[in-house]
Amino acid sequence: MRTNIPFFNIVAENAPYAEKFAQELQLFMQSGQYILGDAVKDFEKEYATFCGTTHCVGTSNGLDALRLIFEGYKSLGILHQGDEVLVPAHTYIATTLAVIQAGLVPVFVEPEDSSFLMDVAVAQHQLTEKTKACLVVHLYGELVNTKTFQSFAKRNNLLLIEDAAQAHGATASNGQKAGALGDAAAFSFYPTKNIGALGDAGAVTTHDDDLVKAMRAIQNYGSSKKYQNDVLGFNMRLDALQARFLLHKIPEYPSAIQRRQEIAIRYVSEIENPKIILPVHPKNDSHVFHLFVARVEMRDDFIQHLTKNGVGSLIHYPTPPHKQTALKQYNHLSLAVTEHYHETVVSIPLYPSLYDKDVQYIIDVLNRY
Ligand SMILES: Cc1ncc(COP(=O)(O)O)c(C=O)c1O
């Protein structure tokens, strides 16, 4: 039979939860608490504990989590319309959209040429008196250098905000986890994320009591008391049914990280092909391998080889945010490292439900290219 390894197998990932989720749906219906309520509170408590933060605020999705952080800081008078925010040029567009939609100005920072992450030395040169925040992205599941960015933000009086949508549980060498490294962090629980819901879901984590108070009102129509609206708010609430599902995934997640890292270690040590540039595997928990992203100069040809051999692949991402039609005002920018990454990156399958024989097959196919 012809081998077919999909890029991701979302059904297999959720299969172990089928019974629990069916029970949760029954309990949910009987509870009558369809918006917010105990399940959302329980989830927030568990996820804050998991990240090591004082607070977690559930949100509708990851983009809204980022937007809510910015709106929260604006309502506290800490950020203002037109403030500049350092953002990685190499990221998913949601990072950039959140900044723009909050009325702030993204300043695109090139990645290091040794990793896919924001280069702090480049960021340093892009500071102006309008720079008020640095939004780091732990892209593909890999933490930015925590100490470096913490001291960069402190030295320059910037808010340090994490886009941790892809990096649940990634842990720095000092034991701090994604979500607890800066002033506030945004997570996504989009179904394909390392902790995935059965629909849209997200969260903000922070230690900041004032920010939480502001965000809770803003995410609920600007209201902290029913039918009393103090600020122009949104509806950015976490869905109560998704909260119930996610609560079952948190305790299982450490073993999923372990499995992801185990596969990544095999790829890094057993794929030996000079035509394929592999990501560097840090020998600690700072990478949770949401994605395993290689680089290949003749990418189309490589993808054809994978497809012919029944191995799924995806490109994260084919067009950088500053070259998207939606961001016309930035299309003139020329960002060589980012653009080269976008031309050469290719993600190969890596997820907990992959069998060892699939992992071996993928390694063989890549070595034969
Ligand atoms: C880096 C990054 N930031 C933000 C988001 C937005 O998350 P969501 O799709 O839940 O809105 C995503 C996921 O799509 C992402 O990968």
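With K and R counted +1 and D and E -1, the other residues having a Cβ less than 10 Å from that of Ala133 yield a net charge of -2. Projecting the Cα atoms of Ile271, Ile315, Ile303 onto the charge dipole of the range 252-368 (Cβ charges, centred on the Cα centre) puts Ile315 farthest toward the positive pole. For the residues His125, His342, His322, a GNM of the chain with alpha-carbon springs under 10 Å puts the largest fluctuation on His125. Using 19 Å as the Cα-Cα cut-off, could you pick out the over-long pairs in Lys74/Lys328; Lys132/Lys154; Lys193/Lys249; Lys45/Lys225; Lys74/Lys213; Lys193/Lys275? Cα-Cα > 19 Å for Lys74/Lys328; Lys45/Lys225; Lys193/Lys275; rest within.
Charged neighbours of Asp119, selected by a Cβ distance under 10 Å, balance to -3 (K, R count +1; D, E count -1). Packing, as the average of other Cβ atoms within 10 Å across residues, places the peptides 351-362, 134-145 in the order 134-145, 351-362, highest first. Determine the shape class of the range 252-368: with a ≥ b ≥ c the square roots of the Cα gyration tensor eigenvalues, call it rounded for a/c under 1.5, and otherwise prolate if a/b is greater than b/c, oblate otherwise. Here the range 252-368 falls in the prolate category. The overall shape of the range 1-52, judged from the alpha-carbon gyration tensor, is oblate: a/c is not under 1.5, and a/b is no greater than b/c. Per residue, the chain exposes 45 Å² of accessible surface when a 1.4 Å probe is rolled over the protein heavy atoms with every protein chain present.
Could you give me the percent of Cα pairs per 5 Å distance bin for the range 184-326, shortest bin first, beginning at zero and ending with the bin that holds the maximum distance? All Cα pairs considered, the percentages come to 2, 7, 11, 14, 15, 15, 13, 9, 6, 5, 3, 1, 0.
Listed by chain and number, the aspartates and glutamates whose C-alpha is less than 18 Å from the C-alpha of Lys308, apart from same-chain residues fewer than 8 away, are Asp300, Asp358, Asp364.
Think of each Lys and Arg Cβ as +1 and each Asp and Glu Cβ as -1; about the Cα centre, that makes the dipole of the chain roughly 320 debye.
What does the C-alpha gyration tensor say about the overall shape of the range 1-149? Classify as rounded when a/c is under 1.5, otherwise prolate if a/b is larger than b/c, or oblate. The shape class here is oblate. In the range 97-236, taking the dipole from charged Cβ atoms about the Cα centre, the farthest positive-side position among Gln124, Leu135, Tyr221 is held by Tyr221. Relative protection proxy for 230-242, 174-186, 58-70, from highest mean packing down: 58-70, 174-186, 230-242 (other beta-carbon atoms within 10 angstrom).
Expressed as a whole percent, the accessible surface of the chain that belongs to carbon and sulfur atoms is 53, based on a 1.4 Å probe. Only one residue of Leu327, Gln261, Pro349 has its Cα farthest out toward the positive end of the dipole of the chain, where Lys and Arg carry +1 and Asp and Glu -1 on Cβ, and that residue is Leu327. When both the range 86-105 and the range 29-62 are represented by their alpha-carbon centers, they are found 26 Å apart. Annotation for the range 137-194 versus the range 321-369: alpha-carbon center distance of 21 Å. Among Tyr227, Tyr34, Tyr17, the largest mean-square fluctuation in a Gaussian network model of the chain (Cα springs under 10 Å) belongs to Tyr227.
Placing +1 on the Cβ of every Lys and Arg and -1 on the Cβ of every Asp and Glu, with nothing else charged, gives the range 252-368 a dipole about its Cα centre of roughly 200 debye. Peptides 286-293, 206-213, 103-110 ranked from most to least packed, by the mean per-residue count of other Cβ atoms within 10 Å: 286-293, 103-110, 206-213. Dividing the mean sequence gap of close Cα pairs (under 8 Å, 6+ apart) by how many residues the chain holds gives a relative contact order of 22 percent.
With the convex hull drawn around the C-alpha atoms of the chain, the volume per residue stands at 139 Å³.
The values are calculated or read from the model by the stated rules, or taken from the named source; none is laboratory data. Note that this is a predicted model, so its numbers are computed, not measured. Here the Cβ is made from the backbone with ideal geometry for all residues, glycine too, and neighbour counts use every protein chain on show. Heavy atoms of the whole protein, side chains included, go into the accessibility calculation; ligands, DNA and RNA do not. Shrake-Rupley method; radii C 1.70, N 1.55, O 1.52, S 1.80 Å.
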